[in-house]
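The values are calculated or read from the model by the stated rules, or taken from the named source; none is laboratory data. Given the structure is predicted, the values throughout are model-derived calculations rather than measurements. Cβ placement follows ideal geometry from the backbone for every residue including glycine, while neighbour counts extend to all protein chains displayed.
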Amino acid sequence: MISKVVEEAMENMVRRIEALEDKLSRISIPNKQGFYEKKKPMTGTATPGQLGYIKKLGGNADPSMSKQEASEEIDKRLSVQRDEEIEDACDKIVEPKEVDTDDAGLDSEDLM
């Protein structure tokens, strides 16, 4: 029974670590000089692939969008989708119940 509680606690910790790693992966890191580099702007109109991906993500794909605007829209949609998935996963996490060891017939040596 104790191993089941430990196993559930470990699974919950792994889920939380994965959620934190996902958030940290979206933080920009400075270059060697300590400056943050700006993204190079894209030129031209959005590609059919970008427009199709925006539609697939549930966005409004306007054919007059620039590549930069389409890229920003995709990033925004993916960010919202990730946040929703993380929130749903966190809602499904079940905290392990506290076990009263006094009634279990265990002493302190059995718990180690």
**Fill in**
Note on the range 42-63: residues touching a strand residue (DSSP E or B) at 6+ places or on another chain (Cβ under 9 Å) and not aliphatic (A, V, I, L, M) are Thr43, Gly44, Thr45, Pro63
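So which residues in the range 35-47 are modelled with pLDDT of 85 or more and either exposed (fewer than 10 other Cβ atoms within 10 Å of the Cβ) or hydroxyl-bearing (Ser, Thr, Tyr) (or both)?
Residues satisfying the conditions are Gly44, Thr45, Thr47.
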**Checklist (1) surrounded by 12 or more Cβ atoms within 10 Å (Cβ to Cβ); (2) within 30 Å of Met13 (Cα to Cα); (3) modelled with pLDDT of 80 or more applied to Glu73, failing item** = (2)
**Request:** Determine the pairs where a residue that is without any contact (Cβ under 8 Å) to a residue 24 or more places away in the chain and more than 19 Å from Lys92 (Cα to Cα), located within the range 14-30, has a partner that is aromatic (Phe, Trp, Tyr) and surrounded by 10 or more Cβ atoms within 10 Å (Cβ to Cβ) with Cβ atoms under 9 Å apart, the partner being 6 or more residues away or on another chain.
**Result:** none
**Request:** Say whether the condition of being assigned to a helix (DSSP H, G or I), modelled with pLDDT of 90 or more, out of contact with any Lys or Arg (no Cβ under 8 Å at 6 or more places or on another chain) and surrounded by 13 or more Cβ atoms within 10 Å (Cβ to Cβ) is met by at least one residue in the range 18-34.
**Result:** no
**Request:** Scan (1) of a type in the set (Lys, Arg); (2) under 30 Å from Glu95 (Cα atoms); (3) out of contact with any helix residue (DSSP H, G or I) (no Cβ under 9 Å at 6 or more places or on another chain) for the single condition Lys76 breaks and write down its number.
**Result:** (2)
